[in-house]
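Inspection log for the structure reproduced underneath, given as structure tokens.
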Amino acid sequence: MRRIAITCGDPSGLGPELIEACLLEESYGEAEFVVFGSRSWCEKLESKGEGRVRGVALSDIDFAPGKPTPDGARLAIAAMEAAAKSCLDGECDAVVTGPISKALCVEVGYPFPGQTEFFADRWGGEPTMAFVGEHLKLCLATWHIPLGAVPAALDERTFKHSVRSAAHLGQRLGYGRPRILVCGLNPHAGEGGLLGTEEIDRLNPWLRELRGELEATIEDCVPGDTAFGRAMKGQADVVVALYHDQGLAPFKAVDFDSGVNVTLGLKHLRVSPDHGTGFEIAGKGIASKGSAHHAIQLACRMK
Ligand SMILES: NC(=O)c1ccc[n+]([C@@H]2O[C@H](COP(=O)([O-])OP(=O)(O)OC[C@H]3O[C@@H](n4cnc5c(N)ncnc54)[C@H](O)[C@@H]3O)[C@@H](O)[C@H]2O)c1
Ligand SMILES: N[C@H](C(=O)O)[C@H](O)COP(=O)(O)O
């Protein structure tokens with residue numbers, strides 16, 4: 001039996017209502033859940049959860065949907081802290097996080113650009129930000145850094161780690177020898193050096209070395225503008241994108257409702273819906289619970 005920790009995320013965002021809808025309307029087999037959030041939310045989920053949900057109340061404030069506050073950001077951080085500890089203490093096996101506002105969290109003293117970096121700090125390990133959707137599986141080589149910093153950040157260790165993570169993700173998802181497409185950094189993967197030389201100078205030689213090491217099929221860098229189309233046609237199992245929007249623009253266009261953000265490489269599994277706080281639609285009953293549902297499902301099943 002798996003026990004899954006679930007954080008509320010920003011209590012004025014979509015997290016609480018979507019987690020509530022999932023836990024009270026969907027079935028997750030034998031799994032049990034520990035939810036971290038406001039007292040009123042925890043008590044409601046615990047009372048309606050038919051013995052499968054335990055609530056850990058971390059604030060007595062009733063937060064209004066769509067009206068984010070510094071206290072809400074503090075609760076979001078406290079929930080992450082308690083959930084991370086629940087895995088370290090052996091009480092829970094994995095964490096599902098509700099979406100937070102990074103900007104608001106930083107305003108109240110949070111020192112990380114996202115939740116991936118928080119869990120890496122608390123649990124240890126070398127994280128990879130990955131996404132699993134109905135149609136696409138994606139690993140990012142770099143994520144929460146300015147675009148201008150990407151070329152320098154793509155050193156041998158970072159680049160190879162992302163491709164190794166893609167091979168590992170493919171294997172965990174059941175592709176025996178995953179086929180991996182790695183996007184080039186430059187338009188047309190450099191067009192033979194005409195549009196940039198990182199592929200020729202560094203990335204393709206590193207891919208050649210990885211071919212000898214990994215149980216995976218890996219081509220030289222492919223143009224980023226066709227990699228995802230090829231994956232959609234079934235020509236690849238996992239795509240590696242070299243920076244945030246190269247991967248997440250196509251991924252969210254195609255798999256927004258089924259997409260799960262998966263943090264690989266840490267001591268425990270952490271997953272999240274692929275959407276953000278959605279403050280403008282919070283509390284209106286119009287948000288889709290698809291991504292949150294898939295995130296909880298994956299946490300229950302992925303070892
Ligand atoms: N895992 C996370 O913690 C996480 C992930 C992404 C973004 N964020 C944060 O969320 C905040 C808002 O970011 P954003 O506006 O770029 O992204 P967003 O995902 O919150 O919203 C993008 C668009 O999708 C819509 N949307 C979001 N979730 C939806 C759902 N479940 N059903 C239907 N429509 C939905 C929104 O209304 C909006 O139009 C930012 O502070 C960002 O940092 C957090
Ligand atoms: N980069 C993610 C996205 O756009 O969906 C998002 O910011 C969440 O990142 P963390 O899981 O690190 O919070």
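Quick one: how many residues across segment 132-182 are buried (at least 23 other Cβ atoms within 10 Å of the Cβ) and assigned to a strand (DSSP E or B)?
8
Is segment 268-277 home to any residue that is within 16 Å of ligand 1 (Cβ to nearest atom), touching a Phe, Trp or Tyr at 6+ places or on another chain (Cβ under 9 Å) and outside any loop (DSSP other than H, G, I, E, B)?
Scanning segment 268-277, I find at least one residue that is within 16 Å of ligand 1 (Cβ to nearest atom), touching a Phe, Trp or Tyr at 6+ places or on another chain (Cβ under 9 Å) and outside any loop (DSSP other than H, G, I, E, B), so the answer is yes.
Return the residue satisfying two criteria in turn: it lies in segment 87-103 and is buried (at least 21 other Cβ atoms within 10 Å of the Cβ) and over 12 Å from residue 13 (Cα atoms), and of such residues it is nearest to ligand 2 (Cβ to nearest atom). Outline the logic, then answer.
First, the residues of segment 87-103 that are buried (at least 21 other Cβ atoms within 10 Å of the Cβ): 87, 92, 94-100.
Keeping just the survivors that are over 12 Å from residue 13 (Cα atoms) gives 87, 92, 94-97.
On the way: 87: 16, 92: 18, 94: 14, 95: 11, 96: 11, 97: 7 Å.
Among residues in segment 87-103 that are buried (at least 21 other Cβ atoms within 10 Å of the Cβ) and over 12 Å from residue 13 (Cα atoms), the one nearest to ligand 2 (Cβ to nearest atom) is 97.
Kindly provide the set of residues from segment 125-146 that are farther than 12 Å from residue 263 by Cα and away from ligand 1 (no atom under 16 Å from the Cβ), ordered by number.
135, 136, 137, 141, 142 - these are the residues of segment 125-146 that are farther than 12 Å from residue 263 by Cα and away from ligand 1 (no atom under 16 Å from the Cβ).
List every residue pair whose Cβ atoms lie under 9 Å apart, where the two residues are 6 or more positions apart in sequence or sit on different chains, the first residue falls within segment 184-209 and is over 17 Å from residue 160 (Cβ atoms), and the second residue, located anywhere, is part of a helix (DSSP H, G or I) and among the β-branched types (Val, Ile, Thr).
As it stands, the answer is 190/200; 192/200; 193/200, since those pairs meet every condition given.
Tell me the residue from 22, 8 that is in contact with a Lys or Arg (Cβ under 8 Å, 6 or more places away or on another chain), buried (at least 18 other Cβ atoms within 10 Å of the Cβ) and touching a residue at least 40 places away in the same chain (Cβ under 8 Å), please. Let's see the steps before the verdict.
On the way: 8 fails: in contact with a Lys or Arg (Cβ under 8 Å, 6 or more places away or on another chain).
The unique qualifying residue is 22.
Counting just the residues of segment 277-300 that are more than 16 Å from ligand 2 (Cβ to nearest atom) and on the phi > 0 side of the Ramachandran plot, which one comes out least open to solvent (accessible area, probe 1.4 Å)? Talk me through it step by step, then tell me what you get.
So the first thing to find is which residues in segment 277-300 are more than 16 Å from ligand 2 (Cβ to nearest atom), and the list is 280-286, 289, 293, 297, 300.
Keeping just the survivors that are on the phi > 0 side of the Ramachandran plot gives 283, 285.
Values: 283: 53, 285: 69 Å².
Going through the qualifying residues, I end up with 283.
Just give me the residues in segment 249-267 being more than 8 Å from ligand 1 (Cβ to nearest atom), touching a residue at least 24 places away in the same chain (Cβ under 8 Å), over 21 Å from residue 82 (Cα atoms) and open to solvent by 10 Å² or more (accessible area, probe 1.4 Å), in sequence order.
Correct list: 250, 254, 258.
Considering only residues that are of a type in the set (Gly, Ala, Ser) and exposed (fewer than 14 other Cβ atoms within 10 Å of the Cβ), look in segment 208-245 and name the one that is farthest from ligand 1 (Cβ to nearest atom). Break it down stepwise before answering.
The initial filter retains those residues of segment 208-245 that are of a type in the set (Gly, Ala, Ser), namely 212, 216, 224, 227, 229, 231, 234, 236, 241.
Cutting the leftovers down to exposed (fewer than 14 other Cβ atoms within 10 Å of the Cβ) gives us 212, 229, 234.
Values: 212: 36, 229: 23, 234: 28 Å.
It comes out as 212.
I need the full set of residues from segment 104-114 which are open to solvent by less than 10 Å² (accessible area, probe 1.4 Å) and either more than 16 Å from ligand 1 (Cβ to nearest atom) or of a type in the set (Gly, Ala, Ser) (or both), in order please.
Within segment 104-114, just 114 meets the criteria.
Kindly state which helices (runs of 4 or more DSSP H) lie completely within segment 1-116 and contain at least 2 residues that are under 26 Å from residue 265 (Cα atoms). Give the derivation first.
Values: elements: 15-25, 39-48, 70-88, 102-107.
By residue number, 15-25, 70-88, 102-107.
Within segment 33-54, is even one residue among the small types (Gly, Ala, Ser), surrounded by fewer than 16 Cβ atoms within 10 Å (Cβ to Cβ) and modelled with pLDDT under 95? Reasoning before the result, please.
Residues of segment 33-54 that are among the small types (Gly, Ala, Ser), as a first pass: 37-38, 40, 47, 49, 51.
With the extra rule that they be surrounded by fewer than 16 Cβ atoms within 10 Å (Cβ to Cβ), the set shrinks to 47, 51.
Narrowing further to those that are modelled with pLDDT under 95: 51.
The answer is yes; a qualifying residue exists.
The values are calculated or read from the model by the stated rules, or taken from the named source; none is laboratory data. As the structure is a computational prediction, the values presented were derived from the model and not from experiment. Neighbour counts are summed over all protein chains in view; Cβ atoms, including those assigned to glycine, are modelled from backbone coordinates with ideal geometry. To get the accessible areas, we keep the full protein, side chains included, count just its heavy atoms, and leave off ligands, DNA and RNA. Shrake-Rupley method; radii C 1.70, N 1.55, O 1.52, S 1.80 Å.
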